[in-house]
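What follows is one structure encoded as structure tokens, with my remarks underneath.
Every number in this text was worked out from the coordinates using simple rules, so none of it is lab data. Since we're looking at a predicted model, the values are computed, not measured. All Cβ positions, even for glycine, are placed from backbone atoms using ideal geometry, and neighbour counts span all protein chains on display.
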Amino acid sequence: MTGFADLFKLVTERPEPFPWQAALYERLRAGDIPAALDIPTGLGKTSVIAVWLIAQALGAHVPRRLIYVVDRRAVVDQASAEAAAIAARVGGDGEPGAVGDDVRAALGLSRGEALRIATLRGQFAANRLWFTDPGAAAIIVGTVDMIGSRLLFGGYGVSRKMRPVHAGLIACDTLVVLDEAHLCAPFLALLDEAGATAAAAAVPVPTLRVMALTATGRGRPGPSAPLSLADADFAHPMVRARLDAQKPLRIDDAGDGALHEGLARHAWEARQAPDGTPRRVLVFCDSRKAAQQVRDLLVKQERKDGRVRLLTGQRRVLERERLVREDVYRWFLEGTPPNGEPAPAFLVATSAGEVGVDLDADALVCDLVAFERMVQRLGRVNRRGGAAPAPVVVVAPPPAKAKPEDAARRRALEALPALPDGALDASVGAVHALKARAAADPALKAILEAATTPDPLRPALTLPLVEAWSMTALDTHTGRPEVEPWLRGWIEEDEPEVEIVWRRLLPWRADDKEPAPDEINRFFERASIQRSEILEAPVSAVLDVLKKRIEALSKVDAAVSANGLKNSVVLLLDQKNEFVAAWTSEAFGKELEKTRTRDILARKLAGKRLVLQADLGGLDADGLLDARADGPKRTLDDEPDPAHGWTEAEIAAIGWRVRRIEGDEPPEDGWARAFALPLGSGDEQDPAQLVVENRLAAEPPGADRATGRTSETIAEHHGRVEAVAHRLADRLNLSAELRAVLAAAARLHDHGKRRPLWQDAMGAPKDGRPYAKTTGKGGNPALLAGYRHEFGSLVAALRDPALAGELAGLSDDLRDLALHLVAAHHGLARPVMPPILPPAPGAPDDLPPSAAETIAREAALRFARLQKIWGPWGLAWWEAVFRAADWHASAPDAASGKPGDGR
């Protein structure tokens, strides 16, 4: 098999690894995962993804999954692109790869199978692959919120039934790489505590490991020493060039002028190099308002909008992602100027551009912020070591007017070495040396600490808290708080934010005074909110915009309810997409009129999701919140529109659509009806319905569908699940006794479907019963009346003498585990499940209601016992493994029975 250096070239397409990258590989090969990677910006920290993958392929004992966390929602794409490029070079899905079959086999990839890559924003169908094979390598990219909420049995946009799967696979057999860890100290502490908690249980795979990446020099205690630059790195020509890249920094006192005017003036003056060469000028502003003002001044100065771009976090993700495709923005990313006459370009950014984006500008202008943020900003200019100096201007309050924190930040910058012309040396090497000097100089250390943002306070993670969060089958739990403080700590000065989504078709009938909460929940479970349609903004700004929009609508003719749906409505959901409140625009406006009711409303919205009817407007063409805008131009429930909205491919990948139909119009081939809301009386004269349809090929694992293209008997299905379970056990190197647990659960899990009521409800053919899968023709799921086949399967496993031998040979604890996997294979029994059992006269598992309730109580106690043995995350991992076997066996191409098929 090829060695590390050669594989690095193949996987990354870079000439050779830097010395620190080779050193990281040797550490991983020895089973020594560094607690921290302290590498200056611009030296390829994201290559840790490739190094981990190569180490796994070459037999190192490293976790099977790598999760790369970036603490900026706007910049997840870059790490995702890096992972996708690596996957393409590994090959699969019919495409040849640069690496050999032996490397692919070592990664657990079967013939034609692609490396699993996921970006956890709920947008791409490929995001479902990472949790469908716990034995294969996978790379997951996400934000603190997306990864942290899943780890704590939540998951923004993840159904309650799927939360244990995500939690178990994140906490077990996973390496979490936290980029720019200094920005999210509470989350880093959470990961460390979660890893220690998971490691205390008896899980048969490695538990959570954490590697913190930082370019600021903050230390981190951990079980393994950090990795930093060594002498070999400082001697490397390319490393040396990037460390020494010239960035002369000058501090300009803003004087009496407005800050945004000073920033715009310096940016305009920096637009050309002394020889006339046009520059890429990057402008950082601490506030979105200032950034918009600077953008407007530069546009006015340039007299056209062709070379000025705005990068801000308070923007709908769809438009933010479109920015990455534009030529001007890509000049800052890739160094290739747009076609046409050479001209300067300006990128005005807020903190959304400070972290994780591989920007490389020729000049930088910015306001004065905390030292760790200044380090990030400086890393976005002359990033690749160009020969020409890249001037940096920091516009700061004059000393006489400076606040104490501004004075401290200024002193930190002034501690940089002086250049002959009086400017300060802000090169990467100078900043790195400054931090090294501070480690030995208490006075300098005090200066840097005074200029650095202190870590926020945070709550401790305790086992009882994790156990409370793990009870995902409970709608409410008094000991289950919101997870936000554990992810980001208590940050009192930050204004609460709310997420806004615009839709055209919402499940509120025109004639109803209020919507039905259950209908709202079922609608958004099937037409789930996608990251690409969300805009995040401070609650106060959102309320100001909505107040003006509602006032503007009140001055025009009242909108007539169309399509049988109420217009101009506002829905409030929690982060689980579940109903909180609803208003008409008129009622919402009245609550905004008085300070007292507005304050109550603001507290209610904090941290939630506000879904607006599209006709309320408030979103401009750039995806920014704007009270003057009567848009959005497009919403996700519109038809595809590449110019202003989602492309057809993107909508297909999302896998759902919302339509208004007349009567019993059947879904098209490839689509399944998942939700229907009658809009009228339902008779022949008034047959309209609002429906959600899911694309069959894109339906996520765990959707709990018992219908498909063909029918399959219970015996056939059990055989397939058992075959896949054995293959998963091989991949996971499980012992014979643990392998027997999965096999027993496979042979028992669907016996609850044999009841005549279930067969009738699913339209099973009369001949050949009992079936595990049917085509659904002629069925009526409403007949089930709350019956869950998992409960019926549990009853059968306990009470049917013919099945008694399936659990023979298992110890009491492992017998409990097998029974729990049967009960929980669709996300229930954590700890409760409905004790509903339809009559089956004469059957050995026919029980009266009181006996059924006893079995349900025993299932809850069994859950508690198993959590003591395996831990909350370990038990969730077992469920994930078994459910993966069930999903693969249920997939249309499951005949091979191999994990990794059935995509």
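Once R0 is set to 45 Å, what does the formula 1/(1 + (r/R0)^6) return for the Cβ-Cβ distance between GLN301 and ALA782, expressed as a FRET efficiency to the nearest 0.05?
0.10
Determine Rg/Rh for region 245-353; Rg is computed over alpha-carbon atoms and Rh is the Kirkwood hydrodynamic estimate from the same atoms.
Here the Rg-to-Rh quotient is 0.95.
Can you put ILE170, ILE491 in order of Cβ neighbours within 10 angstrom, beginning with the fewest?
Fewest-to-most ranking of ILE170, ILE491: ILE491, ILE170.
Give the order of HIS166, HIS61, HIS717 when sorted by the count of other beta carbons within 10 angstrom, beginning with the fewest.
The most exposed by this proxy come first: HIS61, HIS717, HIS166.
Hey, what angle do you get for helix 185-199 against the long axis of the chain, alpha-carbon based, 0 to 90 degrees rounded to 10?
So the helix axis and the longest Cα principal axis differ by about 40 degrees.
As an exercise, find the ratio Rg/Rh for region 4-237 from alpha-carbon atoms, using the Kirkwood inverse-distance average for Rh.
With Rg and the Kirkwood Rh in hand, the quotient comes to 0.94.
For region 483-586, which trypsin sites (Lys or Arg not before Pro) are both in a DSSP coil and crowded by at most 13 other Cβ atoms within 10 Å?
Filter output for region 483-586: LYS513, LYS555.
Can you give the helix-only mean residue ellipticity at 222 nm for the chain, where every DSSP H stretch with n ≥ 4 adds -39500 (n - 2.57) and the sum goes over all residues, rounded to the nearest 500 deg cm²/dmol?
About -11500 deg cm²/dmol.
By the gyration tensor of its Cα atoms, with a ≥ b ≥ c the square roots of the eigenvalues, what is the shape of region 817-876: rounded for a/c under 1.5, prolate for a/b over b/c, or oblate?
It is prolate, given that a/c is not under 1.5 and a/b is the larger ratio.
Based on the Kirkwood radius over alpha-carbon pairs, what value in µm²/s does the Stokes-Einstein equation return for the translational diffusion coefficient of region 495-698 at 20 °C and 1.002 mPa s?
122
Using Cα atoms only, what is the angle between the long axis of helix 517-526 and the major principal axis of the chain, expressed in degrees (0 to 90) to the nearest 10?
Relative to the chain, helix 517-526 is tipped by roughly 70 degrees.
Counting other Cβ atoms within 10 Å of each Cβ, which trypsin sites (Lys or Arg not before Pro) in region 776-885 have at most 15 and sit in a DSSP loop?
LYS777
For the chain, just list the percent of Cα-Cα distances falling in each 20 Å bin from zero outward, please.
13, 44, 34, 9, 0
Starting from the eigenvalues of the Cα gyration tensor, five times each then square-rooted, give me the equivalent ellipsoid semi-axes of region 245-450, largest first, whole Å.
28, 19, 17
Please give the net charge around LEU814, taking every other residue with its beta carbon less than 11 angstrom from that of LEU814, where Lys and Arg add +1 and Asp and Glu add -1.
-2
For LYS594, LYS161, what's the fewest-to-most ordering of other Cβ within 10 Å of each Cβ?
Ascending number of Cβ neighbours within 10 Å: LYS594, LYS161.
How much of the DSSP beta bridge set in the chain is antiparallel, as a percent to the nearest 5?
Here the antiparallel bridges make up roughly 45 percent for the chain.
Between rounded, prolate and oblate, where does region 712-896 land on the alpha carbon gyration tensor, with a ≥ b ≥ c its root eigenvalues, rounded for a/c under 1.5, else prolate if a/b exceeds b/c?
Oblate, since a/c reaches 1.5 and b/c is not below a/b.
Give me a comma-separated list of calculated 3J(HN,Hα) values for region 713-728, in order, Karplus coefficients 6.51, -1.76, 1.60 applied at θ = phi - 60°, integers in Hz, x for any Gly or Pro.
6, 4, 4, 4, 5, 4, x, 5, 4, 5, 4, 5, 4, 5, 5, 5
How far, in nm, would the chain grow between ALA804 and ILE251 when pulled straight, counting 0.36 nm per residue and subtracting the alpha carbon separation?
191.1 nm
Roughly how tilted is helix 404-414, in degrees to the nearest 10 and between 0 and 90, from the longest Cα axis of the chain?
70
Using a/c under 1.5 as the rounded threshold, could you call region 435-498 rounded, prolate or oblate? The axes a ≥ b ≥ c are square roots of the C-alpha gyration tensor eigenvalues, and prolate needs a/b larger than b/c, oblate otherwise.
The shape class here is prolate.
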